[in-house]
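The numbers here are math on the coordinates, done by the rules we state, and not lab data. It should be emphasised that the depicted structure is a prediction, and the values quoted were computed from it without experimental measurement. When we count neighbours, we look across all protein chains shown, and the Cβ atoms used for this are built from the backbone with ideal geometry, even at glycine.
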Amino acid sequence: MIQLHKDGVFLVDGVPQGSGPLAKEDARKKTIAYNILQAHNKSSDPERLEITFDSLASHDITYVGIVQTARASGLTEFPVPYAMTNCHNSLCAVGGTINEDDHVFGLSAAKKYGGIYVPANQSVIHSYVREEMAACGDMILGSDSHTRYGALGTMGVGEGGPELVKQLLKNTWDISVPEVVLVYITGKPPKGIGPHDVALAMVKATFDNGFVKNKVMEFVGPGLAHLPMDFRNGIDVMTTETTCLTSIWETDEVVKEYYDIHKRPDAYKELKPGNGAYYEGMITIDLDKMEAMIALPFHPSNAYTIHEFTANAEQILADIEKDAAKQFKKAPLDLRSKIKEDGVYADQGIIAGCSGGLFDNIDESAAILKGKNTGNDYFSLSVYPTSVPVSLELTKIGASADLLAAGAILKPSFCGPCFGAGDVPANNELSIRHTTRNFPNREGSKPGEGQISAVALMDARSIAATAANGGRITAATDVDYEYEFHTYHFDKKVYDNRVYYGYGNPKPETELILGPNITDWPAIYPLTENILLELAAVLHDPVTTTDELIPSGETSSYRSNPLRLAEFTLSRREPAYVGHSKDIAAAEAERIEGGQPARIAEALAKVGDASQLIKNTQFGSAIFANKPGDGSAREQAASCQKVLGGFANICYEYATKRYRSNCINWGILPFTIDESTEFPYETGDMVFVPGIREAVEKGIETIPARVIRKSGPVEDITMYIKDLTEDEKQIILEGCLMNYYAARNR
């Protein structure tokens, strides 16, 4: 189905070849990606990019913090179109009034600064951007990791909130020019195969080996002609799970028709690679050979064909149970109980969000379920259309009626099932979902309290086939059904009637409406000459996700309150972390007031004159993890550490650029160590880094340090901080991005 080709290739007359008419240096400039990036590059160096975006997008988990940070840094109006959607904290019954307080704040900010406000349940963030903001050749920055609009000819980038703050303050997104990988698509998908089948196979092939990590995926090939727009969007949004930087697709009449349907014909233009374009690697996707897929807990890359899974379910599920037992001591997971004589049974089906809730997915699912039913046993099916316009069209063609008649529940546009805030399964249930992720706790369970459930990802078509069989996991390719493709009709009046369009018309006299949960950031101090770090968590998992660093689900309601949210940091992975970090922060507060806390003095005495060092040595907590930051773009994965007195991450590598950027923007030193370096240290051990301020100022990348163990001798360790830009250096020196802007304003 999918093959990886590590050697570089040239695309000559639309065909990948080992050689081309141009030298590699010139041929690299022929890719779609290179030309879009350079068109948005404000630097004079084509290798060190300083990017300004055409528009921005955030949802209600992130926009409050972004606006508050930008406001504290001198914001007067939004310089580009900025859409604030309300699709994550839409369940306003959670946490009292605080979710709706955020929405009221968002509308007041849109009025004051000239933004676009999309009310709750109108659209999920990425659907709205596709429908109303994407344009061929544009770049869009979103504070959500699944900011991907490449299939529409738009380079979408998901980053933490501080990167949007930079854009709001007319600064740039700075990166080295990325490598580009060709994704060459051939063939035609068989009946019953949907975009999630292709996407899960792609993630499986690329995630573990880092084949496209921090690179651009560029999709071309004759197979595109056989993919409707929703199919392309459904694949594209899942490129986030490969850890690529962004994506872009060549455009054609299908894309043109999409923009015509959405009443924005001027947004279309043809994009295709120049003849002889060079790519640093290639992925080939043969759609003819694609099979129905299932990604089992606890990652989208843990994927199998459905046939392979059902044939080997006993062993596969036993292995997952073993993995769960290592992670969750209080909550045993029994997935093998789902195996019955005639197959493996799920308890719940969900079709939702920016990947699952698309018109074509739901329409074909309705065709599979037409005249059938989900049964009256434990299995249930919920369907969330991705926007009100999509829901309206599904109603007009009768698909909604067919789903309701079959026993499905239709729900409003909401991202909750993607991050554990909607349709939470019962304890030990297995949910199958056409959503983006199935990390631990993304379904909403709390293993630390003895509650656990699990999510497997499947395409909407196979979920519908499973529902028609009462929950017995079934590939859509194994069922007989009639499906007539319906051309989508977009009704723009839905948005015109409800969306607030304020771009270009700020009303500075508008007062921001601040609910009681919306608070400002606590004081953060500049980096001192030296730093003493105490390890508050040591994680040796292969990968640590942002969901583990700061859980999703009900914690989302507190993201407007930095101190309250910080109480959840690592709560489902390392519950002692918060208390440990607070103890460290209390000692640092005493030091700042001129005291000499024993915790600090005793450690410094082992590496020098404590009475002198304590005056100019900051004391803070640190986390060690093998590979932190996979998953969500949420800045809170870093900011919560900072609020609790965190000053560093130490790791072998960062799972994503966006998490490393979040750390830097919150003044957290992004240390790495050599892969060959053993890290045998434990929680409570300390790391003393002399001269760290000078090292950051001068761009010294090799950092000698001393490890002060709770027991045993002081040991030397070499750490690194590589490839900091000049702005990133200053952000770290000032303590965080807000301090950096405050210093500039002074």
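Ordered by packing density, taken as the mean number of other Cβ atoms within 10 Å over each peptide's residues, highest first, how do 26-36, 137-147 rank?
Working: 26-36: 20.9, 137-147: 25.2.
Sorting 26-36, 137-147 by mean packing, highest first, produces 137-147, 26-36.
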*Taking H as built 1.01 Å from N, whose amide H comes closer than 5 Å to the amide H of Ile703, not counting residues under 5 places away?*
Met719, Tyr720, Ile721
*Three-way shape label, the stretch 2-289, alpha-carbon gyration tensor, a/c 1.5*: prolate
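Can you pick out the pairs among Lys6/Lys215; Lys372/Lys411; Lys6/Lys256 whose Cα atoms lie more than 22 Å from each other? Could you put the intermediate results ahead of the total?
On the way: Lys6/Lys215 13 Å; Lys372/Lys411 20 Å; Lys6/Lys256 33 Å.
Pairs exceeding 22 Å: Lys6/Lys256.
With a ≥ b ≥ c the root eigenvalues of the C-alpha gyration tensor of the stretch 208-289, is it rounded (a/c under 1.5), prolate (a/b larger than b/c) or oblate? Provide the component values of the computation, followed by the final result.
Details: a/c = 1.71, a/b = 1.60, b/c = 1.07.
Cα axes put the stretch 208-289 in the prolate bin.
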*Would you mind pulling out the separation of the Cα centroids of the stretch 93-168 and the stretch 618-636, in Å?*
24
*Which shape class, rounded, prolate or oblate, goes with the stretch 293-493 when its Cα gyration tensor gives a ≥ b ≥ c as root eigenvalues, a/c under 1.5 marks rounded, and past that a/b bigger than b/c marks prolate?*
prolate
*At what distance in angstrom do the alpha carbon centres of the stretch 505-547 and the stretch 36-67 lie from each other?*
21
*Dipole-positive endmost among Ala331, Ala476, Ile717 within the chain (Cβ charges, Cα centre)*: Ile717
*May I ask you to list the lysines whose Cα is less than 18 Å away from that of Lys188, ignoring any residue fewer than eight positions away on the same chain?*
Lys289
*When the Karplus curve 6.51 cos²θ - 1.76 cosθ + 1.60 is applied with θ = phi - 60°, which whole-Hz ³J(HN,Hα) does each residue of the stretch 383-392 get, with x for Gly and Pro?*
10, 10, x, 6, 7, 4, x, 5, 4, 4
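Would you mind checking the pairs Lys272/Lys370; Lys582/Lys710; Lys111/Lys729 and listing those with alpha carbons more than 29 angstrom apart? Don't skip to the answer; put the middle values down first.
Numbers: Lys272/Lys370 40 Å; Lys582/Lys710 19 Å; Lys111/Lys729 35 Å.
Violating the 29 Å Cα-Cα cut-off are Lys272/Lys370; Lys111/Lys729.
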*In debye, nearest 20: dipole of the chain around its Cα centre with unit charges on the Cβ of K, R (+) and D, E (-)?*
980
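Could you tell me the calculated FRET efficiency between Thr718 and Ala39, based on Cβ-Cβ distance and R0 = 25 angstrom, to the nearest 0.05? Spell out each step's value before the answer.
Values: r = 41 Å, r/R0 = 1.63.
The value I calculate is 0.05.
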*Where a Cα-Cα gap under 19 Å defines reach, which lysines qualify for Lys326, not counting those fewer than 8 residues away within the same chain?*
Lys446, Lys627
*Going out from 0 in 10 Å bins, what whole percent of all Cα-Cα distances in the stretch 530-745 drops into each bin?*
8, 36, 39, 15, 1
_Rounded to whole Hz, the Karplus (6.51, -1.76, 1.60) HN-Hα couplings of the stretch 8-14, x for glycine and proline_ = x, 9, 9, 9, 10, 6, x
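Suppose we keep just the DSSP beta bridges with both residues in the chain; what percent of those would be antiparallel, to 5? Could the numbers behind the result be given before it?
On the way: 41 of 102 bridges.
Roughly 40 percent of the beta bridges in the chain run antiparallel, per DSSP.
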*asked:* With just the Cα atoms defining each centre, how far is the stretch 218-295 from the stretch 319-339? Give it in Å.
replied: 37
*Once phi is turned into θ = phi - 60°, what whole-Hz ³J(HN,Hα) does the Karplus curve with 6.51, -1.76 and 1.60 give for every residue of the stretch 505-522, x standing for Gly and Pro?*
9, x, 10, x, 6, 5, 8, 5, 9, 9, x, x, 8, 8, 10, 7, 6, x
_About the Cα centre, and with charges only on the beta carbon of Lys, Arg (+1) and Asp, Glu (-1), how big is the dipole of the stretch 293-493? Nearest 20 debye, please._
720
*Rank by packing, highest mean first: peptides 683-690, 640-647, with packing defined as the count of other Cβ atoms within 10 Å averaged across residues.*
640-647, 683-690
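Over all directions, the average projected area of the alpha-carbon convex hull for the chain comes to how many nm²?
30.8
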